[in-house]
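First comes the structure, then the notes that go with it.
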Amino acid sequence: MAVSADHIREKLIKELEAVHVDVEDTSPERCAASFKVLVVSAQFEGKSLLQRHRMVNMCLAEELKTIHAFEQKTLTPEHWDKMKQH
């Protein structure tokens, strides 16, 4: 079963209480084998980059079994606001 961008987005919003999630299918032909995500969550506050990525990986553990490549950017709401201003 192929994983959809919508499925990934909904799961990250629900499980990490993300306030913003962008999911891009970066695979050729959009075949759901490669994704790039941006996740903004207050749950990332006080966490290192490695801890944040582990949180996302744990959330999507089942989905990652069928995904060939996965790139993630994880931000706190404060960092997201600063990034949007630039």
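The values are calculated or read from the model by the stated rules, or taken from the named source; none is laboratory data. From a predicted model like this one, the values you see are computed outputs, not experimental measurements. Heads up, the Cβs are rebuilt from the backbone with ideal geometry, glycines too, and the neighbour counts pull from every protein chain shown. All accessible areas refer to the heavy atoms of the entire protein, side chains included, with ligands and DNA or RNA removed. Shrake-Rupley method; radii C 1.70, N 1.55, O 1.52, S 1.80 Å.
Pairing residues of region 63-86 that are among the acidic types (Asp, Glu) with residues that are open to solvent by less than 100 Å² (accessible area, probe 1.4 Å), at Cβ distances under 6 Å and at least 6 apart in sequence or on separate chains, gives Glu63/Val3; Glu71/Lys36. The set of residues from region 60-83 being in a loop (DSSP other than H, G, I, E, B), closer than 16 Å to Lys36 by Cβ and open to solvent by 70 Å² or more (accessible area, probe 1.4 Å) comprises just one member, His68.
Under the condition of being of a type in the set (Asp, Glu) and at positive phi, which residue from region 16-59 is most open to solvent (accessible area, probe 1.4 Å)?
Taking region 16-59 first, the residues of a type in the set (Asp, Glu) are 17, 22, 24-25, 29, 45.
Narrowing further to those that are at positive phi: 17, 29.
Working: Glu17: 123, Glu29: 176 Å².
Among residues in region 16-59 that are of a type in the set (Asp, Glu) and at positive phi, the one most open to solvent (accessible area, probe 1.4 Å) is Glu29.
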